[in-house]
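Okay, structure first, notes after.
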Amino acid sequence: MKERITEQSIRLFEKKGFSETSIQDIVDSLGVTKGTFYYYFSSKEELLMDIHRGYIDELLVQLESIFNDSSKNYKEKLFEVVFLLLSDIKSRGSAAKIFYRELSNLNEEHSALIISKRDQFRLNIEALIKAGIENGEFRPEINASIITFGILGITNWSYQWFNPNGSCSDREVAEIFVEMILKGIQVNQ
């Protein structure tokens, strides 16, 4: 039931927004009582935090898996990171929208925790860029921090416009993005 409440809440938050969606809206759409909701969540804000934490924790686990894959070079790992963020829109697009759009509705303590995890995700990508520089795959003079923000900017905003059922697949869009990125940061060979 907790998963059903979460999934339905994501749909409602995406459609109406967090502030405009009431607990009554959530329970009515599921045909359950408020007591059922309060059995799993103490508040709507706790539910939102659960959505945020689930979203970023899953991304961090997948990112770690990419980084630990010793069979791939840094260019390939960069592709995997970009592909992860785009394919995640395909599989968890509504949760992505909630993650990026509704952060301001978390209380200060919850917001700080999510921002910390989001920062860790960014710093991990920055470490990948720096390792690619050290390994000679990326140009030595680039600013890894700014490149990382650029990568996150183009991928994170994709949830606004990317249609996984459109003319380009998530893999094709990832390939286009990575080609654009690499032509700017890889060592000319």
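The values are calculated or read from the model by the stated rules, or taken from the named source; none is laboratory data. Predicted, not measured: the structure shown is a model, and the values here were computed from it. Counting neighbours? That spans all protein chains shown, and the Cβs are built from the backbone with ideal geometry, glycine included. All accessible areas refer to the heavy atoms of the entire protein, side chains included, with ligands and DNA or RNA removed. Shrake-Rupley method; radii C 1.70, N 1.55, O 1.52, S 1.80 Å.
I need the full set of residues from region 155-181 which are among the charged types (D, E, K, R) and either over 20 Å from TYR55 (Cβ atoms) or open to solvent by 20 Å² or more (accessible area, probe 1.4 Å) (or both), in order please.
ARG171, GLU172, GLU175, GLU179
What are the residues in region 36-57 that are open to solvent by less than 50 Å² (accessible area, probe 1.4 Å), over 23 Å from TYR159 (Cβ atoms) and either of a type in the set (Ser, Thr, Tyr) or assigned to a helix (DSSP H, G or I) (or both), if any?
Of everything in region 36-57, those that are open to solvent by less than 50 Å² (accessible area, probe 1.4 Å), over 23 Å from TYR159 (Cβ atoms) and either of a type in the set (Ser, Thr, Tyr) or assigned to a helix (DSSP H, G or I) (or both) turn out to be THR36, PHE37, SER43.
Could you give every pair whose Cβ atoms fall below 8 Å, whose first residue belongs to region 105-132 and is in contact (Cβ under 8 Å) with a residue 40 or more places away in the chain, and whose second residue is open to solvent by 70 Å² or more (accessible area, probe 1.4 Å), counting only separations of at least 6 or pairs across chains?
Pairs that qualify, where the first residue is in contact (Cβ under 8 Å) with a residue 40 or more places away in the chain and the partner is open to solvent by 70 Å² or more (accessible area, probe 1.4 Å), are ASN105/SER19; LEU113/ARG53; ILE114/ARG53; LYS117/ARG53; ASN124/GLU64.
Going by what's in this entry, would LYS97 be described as part of a helix (DSSP H, G or I), of a type outside the set (Val, Ile, Thr) and open to solvent by 50 Å² or more (accessible area, probe 1.4 Å)? Give the steps one after another, and end with the answer.
Details: part of a helix (DSSP H, G or I): yes; of a type outside the set (Val, Ile, Thr): yes; open to solvent by 50 Å² or more (accessible area, probe 1.4 Å): yes.
In short, yes.
LYS77: of a type in the set (Lys, Arg) and open to solvent by less than 40 Å² (accessible area, probe 1.4 Å), yes or no? Outline the logic, then answer.
On the way: of a type in the set (Lys, Arg): yes; open to solvent by less than 40 Å² (accessible area, probe 1.4 Å): yes.
It is true that LYS77 is of a type in the set (Lys, Arg) and open to solvent by less than 40 Å² (accessible area, probe 1.4 Å).
I need the full set of residues from region 100-154 which are open to solvent by 40 Å² or more (accessible area, probe 1.4 Å), closer than 13 Å to LEU78 by Cβ and assigned to a loop (DSSP other than H, G, I, E, B), in order please.
Answer for region 100-154, where residues must be open to solvent by 40 Å² or more (accessible area, probe 1.4 Å), closer than 13 Å to LEU78 by Cβ and assigned to a loop (DSSP other than H, G, I, E, B): just ASN135.
If only one of PHE83, PHE13, PHE18 is surrounded by 14 or more Cβ atoms within 10 Å (Cβ to Cβ), under 22 Å from ILE181 (Cα atoms) and hydrophobic (A, V, I, L, M, F, W, C), which one is it?
Testing whether each residue is surrounded by 14 or more Cβ atoms within 10 Å (Cβ to Cβ), under 22 Å from ILE181 (Cα atoms) and hydrophobic (A, V, I, L, M, F, W, C) leaves just PHE83.
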